[in-house]
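Some notes on the structure that comes next.
The values are calculated or read from the model by the stated rules, or taken from the named source; none is laboratory data. As the structure is a computational prediction, the values presented were derived from the model and not from experiment. Here Cβ is always computed from backbone atoms with ideal geometry, including for glycine, and neighbour counts include all displayed protein chains.
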Amino acid sequence: MRNTSAGGKAEGLQKLDFYDIALKLFSWAAFLFVLAPIIIVVVVSFTSKEMISFPPKGFSLRWYYAFFTEPPWMENFKNSILIATYSTLLSTSIGTLAALSLKGKTRDYPKINTVILLPMMIPGVILGISLLMFSGKIGLYGTVWPVVLAHSLWGTPYVYMIVSSVLQGIDPALEDAARNLGAGPAKTFLLVTAPLIKTGIFVGALFAFISSFGEFIMALFLTTGKTTTLPVQIFTSLKYDISPVVAAVSTFFIILTILFVGTSVALTGIKTLRSH
């Protein structure tokens, strides 16, 4: 009986080891599948040749220099920064106010929550065409505002979800204590609530900015020659000439995203450590 029991345990351990190894191999394969294209883009951006090729022939920073000096790229980069900034301000304001207004209101929460998150469920093509027709009727087509509004539709849910999550973690006793000590609603918000949610607001704003800065589909419908964003310029460049400057711009996008996401992770990590 003991031998049978020992044999069963050994067989179970072998199966466990097999599944563990298989899971690790699958995880590494998935990781490489995602990471490989990024590595290729970064490596190609340093080529010295006129065309994109892998492996790159020679090493040069000429395409990064071209990105930061050639007028079309820099103008479109400025457009992307401007649109992302306006969109982030609008998304942060609406998302934060929505999260604050729905705090503790369980009755209306499901309906309003669905309305706020609905734009994320609608394809960008549909939103782009709808806003294109709308902006043309009210005379805003050709300006940055249709793009700002479109990007805000996707940025607001990010801010709303993050700020709502932070608000749920706040102890109501803190705000009650402030009110019991004579603080009004405005003073309670400024002295108690705002300091507790400022990190969440900032992280939500970062995600809204990244979402706007890299958005392509709606921008393709809504931008014109003067308001073209960087993703649209990348698409145009790939359509007419496959220049390595596209790889340099893509690498810049990757670095910017890593910095923003790293900042948000660091901030939330610091916040968690302080709470403990």
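How many of the residues making up segment 217-263 are over 15 Å from Glu75 (Cβ atoms) and crowded, with 20+ Cβ neighbours inside 10 Å?
8
Scan segment 129-146 and report the pairs whose first residue is within 16 Å of Val232 (Cα to Cα) and whose second residue is polar (S, T, N, Q), with Cβ atoms within less than 6 Å and a gap of 6+ or a chain change.
From residues that are within 16 Å of Val232 (Cα to Cα), the pairs are Gly142/Thr224; Val144/Thr227; Pro146/Ser135.
Quick one: how many residues across segment 220-238 are outside any helix (DSSP H, G or I) and either of a type in the set (S, T, N, Q) or farther than 16 Å from Tyr86 by Cβ (or both)?
6
So Ser48 ticks every box in (1) in a helix (DSSP H, G or I); (2) of a type in the set (Ser, Thr, Tyr); (3) not assigned by TED's automatic domain parsing to the domain that holds Ile197 but one. Which box is left unticked?
That leaves (1) as the condition not met.
Results for (1) among the small types (Gly, Ala, Ser); (2) under 25 Å from the mean Cα position of the chain (by Cα), shown as yes or no for each residue.
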{"site": "Ala150", "(1), (2)": "yes, yes"}
{"site": "Trp154", "(1), (2)": "no, yes"}
{"site": "Val166", "(1), (2)": "no, yes"}
{"site": "Pro172", "(1), (2)": "no, no"}
{"site": "Phe189", "(1), (2)": "no, no"}
{"site": "Leu222", "(1), (2)": "no, yes"}
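Starting from segment 17-40, take each residue that is in contact (Cβ under 8 Å) with a residue 60 or more places away in the chain and list its partners that are of a type outside the set (Phe, Trp, Tyr) and assigned to a helix (DSSP H, G or I), counting only C-beta distances under 8 angstrom and pairs at least six apart or across chains.
Close Cβ pairs (under 8 Å, with a partner that is of a type outside the set (Phe, Trp, Tyr) and assigned to a helix (DSSP H, G or I)) amount to Ile38/Ile254.
Given the criterion in a loop (DSSP other than H, G, I, E, B) and not assigned by TED's automatic domain parsing to the domain that holds Leu238, identify the matching residue among Pro56, Pro37.
None of the other options fit; the residue is Pro56.
Rundown of residues vs (1) at pLDDT 80 or above; (2) in the same structural domain as Ile126 (by TED's automatic domain parsing); (3) within 30 Å of Ser130 (Cα to Cα), yes/no style:
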| residue | (1), (2), (3) |
| --- | --- |
| Ile170 | no, yes, no |
| Asp176 | no, yes, no |
| Pro185 | no, yes, no |
| Leu190 | no, yes, no |
| Gly200 | yes, yes, no |
| Ser212 | yes, yes, yes |
| Leu230 | yes, yes, yes |
| Leu238 | no, yes, yes |
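Enumerate the pairs (first residue in segment 52-65 and within 20 Å of Ile234 (Cβ to Cβ); second residue anywhere and exposed (fewer than 11 other Cβ atoms within 10 Å of the Cβ) and of a type in the set (A, V, I, L, M)) with beta-carbon separation below 9 Å, excluding pairs fewer than 6 apart on the same chain, so at least 6 apart or on different chains.
As it stands, the answer is none, since no pair meets every condition given.
Suppose we keep only residues that are in a helix (DSSP H, G or I) and either among the hydroxyl-bearing types (Ser, Thr, Tyr) or modelled with pLDDT under 80 (or both) within segment 59-70. Which one would you say is surrounded by the most Cβ atoms within 10 Å (Cβ to Cβ)?
So the residue we want is Tyr64.
Ile112: touching a Leu at 6+ places or on another chain (Cβ under 8 Å) and β-branched (Val, Ile, Thr), yes or no?
Yes, satisfied.
In segment 217-237, what count of residues is obtained for those that are of a type outside the set (A, V, I, L, M), under 23 Å from Ile258 (Cα atoms) and in contact with a Ser or Thr (Cβ under 8 Å, 6 or more places away or on another chain)?
Selection size over segment 217-237: 2.
In segment 114-137, what residues are modelled with pLDDT of 85 or more and either β-branched (Val, Ile, Thr) or not in a helix (DSSP H, G or I) (or both)?
Ile122, Pro123, Val125, Ile126, Ile129
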